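Q: My questions will all concern the structure given below.
Readers should treat all values here as calculations from the given coordinates under stated rules, not as data from a laboratory. As the structure is a prediction and not an experimental result, all values here were calculated from the model. All Cβ positions, glycine included, derive from the backbone under ideal geometry; neighbour counts span all protein chains shown.
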Amino acid sequence: MEKISYQGQTLTRWRVGNSTFLALPEKGARLMNWNITLGDGSVRDVLYWPENADFGDIAKVRGGNPILFPFNGRCYDKGEIFFWRAADGVKRAIPIHGIARQGEFKVTRLDARGFVAQFVPGDEARAAYPFDYEFTVSYRFEPFGLSCEYALTNLGKIPLPWSAGHHFYFTVPWSPDLTRNDYVIRIPATKRLRQDSTGGLIAGPTLQTDESLANKAIIDTFHTALRNNTVVFGEKGRPGDISVRLGTAPVPPPEAAFVTWTIADDSPFYCVEPWMGPANAAEHKVGLHLVAPGETEKFAVSVAVK
């Protein structure tokens, strides 16, 4: 573990076996880049990070793993985007993907295998999510993988709503001679959903368990009712698959979701995102979790390169 200077920021770098991890825990608890040194000495980027990233507006940087809390995606209140309504009936503004990815964090543990960072809500965060709580993000780094655990503790007297997730920007393609047509993703879902223009859930596309990453039908899809907790994707007939595991139970709750997304055909990344539930959970309640006063709920994911 070491501190390095990069574009005016002080980053932390970990080398664990063949893997190198680069993070800025104080800004959004953002894991920025993960790369692996292969047997021939070449380096493969697992998590993509753009060279021209604007650290002054880190929420809009398309790279690394943004922390989605307390809600994933776009919230709506009675059809009005970027608002939500809590049990008290008050309508509140909230940005896409919540308040943590652009927020400040306090590092509470930093060692040779990872870090723990606690969210420090600013004015916008307190206005959007006005509860008494503690939210922490814990990373553990391995030679060919990582795990990340969220912990939300309710310090108040009323149930605390949340439906959080991750937004991993995986480098695809990772071999320069290939395209997305050469990549296959296996998603063990039995139900697919999408979000309509008012925030409601509608039926998604009909898909096979194994699909090409070039299939545009999987973009912006919630893959739910999972038969097991692991999505695997990679190059046809080559080693080096990536597996993403949602939760610790062999079969996740039926409302848990993987989301598949990218911007354009030539984007240098593809996002495979484990979520507690589909977007707008606070309104439609699908995948919404409530943490009782005095209790802590955790959400764990892991990623490995095979």
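Q: Go through Asn52, Pro278, Leu155 and say which Cα lies farthest out towards the positive end of the charge dipole of the chain; charges sit on Cβ, +1 for Lys and Arg, -1 for Asp and Glu.
A: Looking along the dipole axis, the top candidate is Leu155.
Q: In the neighborhood of Ser147, defined by Cβ-to-Cβ distances under 12 Å, what is the net charge if each Lys or Arg adds +1 and each Asp or Glu adds -1?
A: Surrounding charge for Ser147 is +2.
Q: Also: Quick one: what does P(r) look like for the stretch 187-267 with 10 Å bins over all Cα pairs, in whole %?
A: Per 10 Å bin, starting at zero, the Cα-Cα P(r) for the stretch 187-267 comes out as 17, 47, 31, 4, 0 percent.
Q: Between Asp177, Asp241, Asp132, which gets the highest mean-square fluctuation from a Gaussian network model of the chain, Cα cutoff 10 Å?
A: Taking springs between Cα atoms under 10 Å, the residue moving most is Asp177.
Q: Stokes-Einstein D for the chain at 25 °C, 0.890 mPa s, Kirkwood Rh over Cα pairs, in µm²/s? Before the final figure, lay out each step's value.
A: On the way: Rh = 19.6 Å.
Using the Kirkwood radius from Cα pairs, D works out to 125 µm²/s.
Q: Scale the Cα Rg of the stretch 25-167 by the rule-of-thumb value 2.2 N^0.38 Å and send over the ratio, two decimals. If you can, show how the numbers build up before the last one.
A: Numbers: Rg = 16.7 Å, N = 143, 2.2 N^0.38 = 14.5 Å.
The value comes to 1.15.
Q: Output wanted: per-residue J couplings in Hz (rounded whole) for the stretch 6-20, from phi through Karplus 6.51 cos²θ - 1.76 cosθ + 1.60, θ = phi - 60°, x for Gly and Pro.
A: Result, ordered by residue: 8, 6, x, 10, 9, 9, 10, 10, 10, 10, 10, x, 7, 9, 10 Hz.
Q: Further question on the same structure: Stick to Cα atoms and the Kirkwood definition of Rh, then tell me Rg/Rh for the stretch 1-78.
A: Numbers: Rg = 14.7 Å, Rh = 14.0 Å.
Across the stretch 1-78, the Cα-based Rg/Rh ratio is 1.05.
Q: Bin by bin, in steps of 10 Å, what percent of the Cα pairs in the stretch 225-300 do you find, going until the bin that has the longest distance?
A: Calculated over all Cα pairs of the stretch 225-300, the distribution is 16, 38, 31, 11, 3, 0 percent.
Q: Along the Cα→Cβ direction, 7 angstrom out, place labels at Ile158 and Arg44. What is the inter-label distance in nm?
A: Between Ile158 and Arg44, the label points sit 4.9 nm apart.
Q: Please provide three numbers in whole Å: the alpha-carbon extents of the stretch 55-131 along the principal axes, with the largest listed first.
A: Each principal axis gives a Cα extent; for the stretch 55-131 these are 47, 27, 20 Å.
Q: Over the stretch 1-81, what is the mean sequence separation of C-alpha contacts under 8 Å (at least six apart), divided by residue count, expressed as relative contact order in percent? Before the final figure, lay out each step's value.
A: Details: 118 pairs, mean separation 14.6, N = 81.
Taking the mean separation of contacting Cα pairs over the length of the stretch 1-81, I get 18 percent.
Q: Specify the residue with the greatest mean-square fluctuation among Gly145, Gly165, Gly63, computed from a Gaussian network of the chain linking alpha-carbon atoms under 10 Å apart.
A: In the Gaussian network model the winner is Gly145.
Q: Whole-Hz Karplus ³J(HN,Hα) for the stretch 212-226, in order, using 6.51 cos²θ - 1.76 cosθ + 1.60 and θ = phi - 60°, x for Gly and Pro?
A: 6, 5, 7, 6, 5, 5, 8, 6, 6, 10, 9, 9, 10, 6, 6
Q: Mean-square fluctuation check for the chain, GNM, Cα pairs under 10 Å: which of Val184, Val43, Val61 is largest?
A: So, out of Val184, Val43, Val61, the one fluctuating most is Val43.
Q: Roughly speaking, what is the centre-to-centre gap between the stretch 118-163 and the stretch 2-52 when only Cα atoms are used, to the nearest Å?
A: 23
Q: Turning to a different aspect of this structure: For the stretch 36-82, go through all pairs of different Cα atoms, get the mean of 1/r, take its inverse, and jot down that Kirkwood value in Å. Please list the in-between numbers first.
A: Values: mean 1/r = 0.0719 Å⁻¹.
About 13.9 Å, per the Kirkwood formula over Cα pairs.
Q: Calculate the length of the line joining the C-alpha centroid of the stretch 180-197 to that of the stretch 222-246, in whole Å.
A: Centre-to-centre (Cα) distance: 11 Å.
Q: Once Lys and Arg get +1 and Asp and Glu get -1 on their Cβ, which of His167, Val184, Phe119 lies farthest toward the positive end of the dipole of the stretch 115-188?
A: Of the options given, the answer is Val184.
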